[in-house]
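All remarks here apply to the structure that follows.
The values are calculated or read from the model by the stated rules, or taken from the named source; none is laboratory data. All figures in this text were calculated on a predicted structure; none of them were measured in a lab. Glycine also receives a Cβ, built like all others from the backbone with ideal geometry; neighbour counts cover every protein chain displayed. Accessible surface is based on the protein model in full, side chains and every heavy atom, while ligands, DNA and RNA are left aside. Shrake-Rupley method; radii C 1.70, N 1.55, O 1.52, S 1.80 Å.
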Amino acid sequence: MFQTNPTTRYANPESCQHLADYKLKHGLNGYKAIQKLLATSPTGKSSVKKPNTKIPRCDYCNSCEGRLYICFICSSVTCLDHTPTHLQSEPGHSMFVDLARAEVYCGLCCDQIYDPDFDQLVMYKHLVGMPNSDYGNESIGQRLTKRRRLASGIGSLDPKNSKCGVPVSDRREKSCYPQGLRGLNNLGSTCFMNSVLQALLHAPPFSNYILSGGHRPESCQKIATDRLCLLCDVHAMFSAMFSGDRSPYSPAQFLYSWWQHSENFASYEQQDAHEFLISILDMIHQREGKTTNKSKDNADCQCIAHRVFSGLLRSDVTCLVCGFTSTTYDPCLDISLDLDNVSHSLAEKGTKLPKRNEDCGMSTLQGCLDLFTRPEKLGSDQKFYCQNCQKKQDSLKQMSIRKLPLVLCLHMKRFQHSFAQRMTRKVDRYLHYPFSLDMTPYLSSSVIRSRFGNRISAFGGDDSDMLSQFEVFAVVTHSGTLESGHYISYVRLREQWYRCDDAWIIEVEEAVVRASQCYMIFYMQKNAIQ
């Protein structure tokens, strides 16, 4: 589907020839028919709904399971197995739309296709279907919202006379928005990518490096000629986002480059935003670390990913028989936290509470960090080999933070996996978190002193001069279910919060951000905020 040429930069991936042939013969008539069937869920996911059909079924086998596709020409519905059958019975009927995802599918290529024309119609349908409350956000003032939408001309937007079916800056009169604040088009279930990219774009230590020429595409020596350079594409994307153009940007070239470097993620399936972040930072490390890292220790790596996001965790495992302690240090790009439960904490203190669904409770970030640094007795199957006792013994493990990064990413474990029940569930519990965060109580020096008093010899060092005051600048949230969810991000610029929902950018109040179901929280050291 894509032409691989490492020396060329595309605005969008090249589409398949079968789609081009279809447009040449039929124009956009099929697109207009499908547009009438488009529906958008409250989480922002688009799908195709056939009228008078509650459960769509394949016209050939009557199955309702798996992927179902509707033909652009005759509106027949087929399952994946019977798509070739439809092609044989109806020659030329090769273009379909995935009912569940509203994505173009080529029956001859047997692959999903990103098409800007179809994407434009989907976004137009999304826009005209937006409620007056502007995503249910009444707290910022409906009158202000309505006035902005009227000034933007959204109500009169039409794909026939619009160059792109997404909100544009001159329509919304957003010239006063901070530089770099620009929407990102959804290229097919890529909200996970867009939400993380918005956070990276507005992390000054990272974006300043990219924009100031830390990696120069013109002098880049690609490691392999058959692969695109991810950092070159990051530079191209960041430059476009900070160019002053307010129309939403399509990160298609970056997506294709990421796919080349991570084949396991190369699909139009929804991915996990946290896994995407770690994947991108690891790829940047692999690309840049080869030239900047003189040693094999990632803790000392000078690549931009580690200079901005890398911290150091300390793990102390203490033998419960003789008291011997083994200490190890591990670099980390983020910290994953289990959601604590306020009701559980109160119960531990002796407060009797009625039984309730744990998802109905509330967690606090301080409680999650306390849980992360709390001593934990290892199970019988995790016995620690004590060098002093010369055998495996029961032990106590405690985590702490030896070194804080410049940008601290806290990942909340909302997706829980049960190997016994062979299932995965999402935890919808609300998390209360501060905008200003003091990490001092969770530093190794503080955690060890709480156990050993002021016997600093037990710690083996002092980090009291470490900068531990952080300020939040971005939040990635997840709404919906585990199977069908939607990612958006909130970024704070010039003390104003903005909601970045793919191509749409709107101002929101602080209360809206606090009420969101956060999945990742990005903090920056206060001295690094410009």
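Before moving on, here are some points about what is shown:
- Local net charge near MET520, Cβ-Cβ under 13 Å (Lys/Arg +1, Asp/Glu -1): -1
- Were the residues from GLU509 through PHE415 laid out at 0.36 nm apart, the gain over their Cα-Cα distance would be 31.1 nm.
- Take the Cα of ARG451, step 7 Å toward its Cβ, do the same at GLN382, and the gap between the two points is 1.4 nm.
- Model label points for PHE324 and SER219, set 7 angstrom from Cα along the Cα-to-Cβ axis, are 5.3 nm apart.
- Potential extension, ARG57-GLU275 segment - 0.36 nm per residue separation minus Cα distance: 75.1 nm
- Other residues whose C-beta falls under 14 angstrom from the C-beta of VAL308 contribute a net charge of -1, scoring Lys and Arg +1 and Asp and Glu -1.
- Those chymotrypsin sites (Phe, Trp or Tyr not before Pro) in the range 45-127 that DSSP places in a loop and that have at most 16 other beta carbons within 10 Å: TYR60
- Accessible area in the full protein assembly, largest first, 1.4 Å probe, for ASP272, ASP282, ASP81, ASP115: ASP81, ASP282, ASP272, ASP115
- Working from Cα pairs under 8 Å separated by at least six residues, relative contact order for the range 74-119 is 23 percent.
- Computed label-point distance, nm, for sites GLU65 and LYS49 using a 7 Å Cα→Cβ extension: 2.6
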